[in-house]
1. When you scan the range 1-94 for helices (runs of 4 or more DSSP H) that lie fully inside it, which ones turn up with 1 or more residues that are at pLDDT 95 or above and closer than 30 Å to residue 537 by Cβ?
2. Given the criteria surrounded by fewer than 19 Cβ atoms within 10 Å (Cβ to Cβ) and not assigned by TED's automatic domain parsing to the domain that holds residue 82, does residue 290 qualify?
3. Being touching a helix residue (DSSP H, G or I) at 6+ places or on another chain (Cβ under 6 Å) and modelled with pLDDT of 95 or more narrows it down to one residue among 607, 587; which is it?
4. So the check is Cβ under 9 Å with 6+ separation or different chains; which pairs have a first residue in the range 314-330 that's not assigned by TED's automatic domain parsing to the domain that holds residue 205 and at pLDDT below 95 and a second one that's in a helix (DSSP H, G or I) and surrounded by 13 or more Cβ atoms within 10 Å (Cβ to Cβ)?
5. Evaluate the following for residue 462: is it in contact with a helix residue (DSSP H, G or I) (Cβ under 8 Å, 6 or more places away or on another chain) and in a loop (DSSP other than H, G, I, E, B)?
6. Filter the range 570-608 for residues that are touching a strand residue (DSSP E or B) at 6+ places or on another chain (Cβ under 8 Å) and more than 25 Å from residue 555 (Cβ to Cβ) and give the result.
7. Identify the single condition in (1) crowded, with 18+ Cβ neighbours inside 10 Å; (2) out of contact with any strand residue (DSSP E or B) (no Cβ under 9 Å at 6 or more places or on another chain); (3) in a helix (DSSP H, G or I) that residue 531 does not satisfy, given that it satisfies every other one.
C-alpha cells in the first residue's frame, strides 16, 4: 500500500527534531519527489514509480512480494509463504523442515488458497463516499459502506479485476484500488524453516540477525507462467552501506494519526486483551508441539505467527507505556487543538471531535472483551471460522449488497469462496488445541453463565479441552462438498445439526448484535470525528501528511546504515553469512540444517547476509522487495528491531531499524548451499 504533495509540513510544525528523518508510508501518487531530490540528489520519475508499483505484489496471506523474472517468478519471505509451504507438506514430505526446490516447472507445487494482487490504478472516490447521505452518524456510516460496495461492484463488473474501496486518514479520504489478481500460485523454492527463521522467537525483532527468510513462488494464468510486463531485476552488486533504498509493500496498520484517547484505549484495554489470548494460545501450542514429530511439524508455523504477534503487541505496549512518547503525542494533539481553538469558526466545526472520541471509547471499554470473544476470537479456530463464514455467507447472499456485512458483498465473493472451499488440509489434533484456547478465552471474557459458553462447555460439564474434542471429532466441516452444500442454501445452513454449525449459530446471533452496536455507536462516531480531525489538520497545516497504513501499497525510502545500541556499542550495517556458524549452537532455534553444515567449506563467509536500514516499515511489509536507485533488488524486508516497534505511533530513526536479507546473501545460499541453478539463471545470476 488524490492530490499530490511533497513535504510533511505538519511533522515539521509538530516535531521539528524529525526534520531529516526518512519517515513516510507514501502513496505512490503522492511520493515526495522533491524531498528525495534535495536530500539524496535523485530524480524519482513517474516511470520509476510505475515500474516499482507494477512489479510489487500483495500476498493476501498477509504480506508483500514482487515479480523478479519475466516468467512470473515471485519473491517474498519464507514466513509470508509458510501457510502454503505447510499446506503442501505432509508427514512424508515436510517442506517446512526439509525445504523445497522444484528443479523443473512441472515440479512446482500449487498453493491451495493463495491470492496475489498487483495494483493497477488508484481512483479518488472521497466525494462519492462522503456524500452518500444519512441523517445520523450511524446512518451515514452505513451509507458510506453501501457506497463503497457499489463502487467496488461497478469497478469489478467493468474490469473483471479485484476492486477494493480503501479508507484513508480514518475516513478523511477514500480511494478505489483496482488490482490484477492471480490465484494460481505455485511454490518454486523454500529453504528449511530452521535457517529461514534462524534464532526463532529469541532473535525475533532483534539485530544482529542471521536469517534466510525468503521463498520463491510462481504466478500462473490459464495453466501457463505469467509473463509480467514489469518485474524487478536482481542487482549484480547487491546491498551497500549508506546506499539509498526504496521499499514498496503493504504495511498493515499504524496509529500515528490516532488521538491521545485512542492510544490510551489501546494501552489500557485493547492490547492487554489481545496479549492475554496470545499468551494462552502460545503456551498450549508449545505443549502440543512436544508430543511427537508430527505435532511439532503442525505447530511450528502456528507458533511462529502467534509468537510474532505477541512480541509485536508487547513492543507496541512498551511504546504506549513510555512517558516520553505519550507526552510527545499529547503535546502534538494539544498544539493542533490550540490552533483550532484560536479560530472561532474552526473551533465550532472541529472543537468537540477529540472529546467525542474519548467519550465513546470510555463507554466501549467494558463491552470490548465480549466483542473480541465473539466476533474476533473464533477466527483462530479453522473449523469454527469456516462454520461461521459458511453460515454468514449463506444468509448474507439472500440480501441485497447494500444490506450485507462488508465481508460478504458480491465483489468479495471470489476471494471468500477460494478460502471457504480450499482443499488445504485441516489437522484435527492441532485444531483441538486452538479451539480449546478459544473456549478458555470466551469463558474468561464472557463468564461461565453466558449462553454461548454454557452451550460450548455443556453447562460446565466439559472442560475447554473436552469441549474442543467434542466439536472437532463430531464435525464434518473438513468435507469440501458439505461446505459447498451448506453455503449454497441458507435454510440448509440454518438447520444443520453438525455440531460446529450449531456452535456457529449460537455465536452468530450475539456476535452480530455486538458488531451492530460497535458499527452504529462506536465506529460511526470514530470515523465521523477522525474525518473531522483530518480536515482540521488540513486546515491548520495544509495537505501534508501520509495516511496511516491500511494493508495497501505504499513506498518508503531510507538508507542502509547501522546504529548505536543502548549499551553505546556500534551495531554494524550488515552481518556476514559466515557468522551464522558462530551463532549456531546445534540446539533449536539455533540449530543449522544438514545442508548448511555440509556447505560450510563452500560458502564465502564474508558475503553480507542480513542488514538494517532506516526505512519506515511495519507488519504487512514482510516480503517487500528492497530496491536501489536503479530499481534493482538488493534485498528483502523481513523484520524490524525491537527499538522500532513504537514507530507504530511516532517515527524515529536513532535506533529503530528495518531488517532485510541481503540479495548477495541469497545468491550465495542458492549457489553454494542449494545448487539451485534454475532459480539463479532466472534471476540473471
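1. Answer list for the range 1-94: 33-40, 46-55.
2. Judged against the criteria, residue 290 is a match.
3. 607
4. none
5. yes
6. If the condition is that a residue be touching a strand residue (DSSP E or B) at 6+ places or on another chain (Cβ under 8 Å) and more than 25 Å from residue 555 (Cβ to Cβ), then 570, 571, 575, 576, 577, 579, 580, 605, 606, 607 are the ones that fit.
7. (2)
The values are calculated or read from the model by the stated rules, or taken from the named source; none is laboratory data. What you see is a predicted model; the values in this text were computed from it and never measured. Here Cβ is always computed from backbone atoms with ideal geometry, including for glycine, and neighbour counts include all displayed protein chains.
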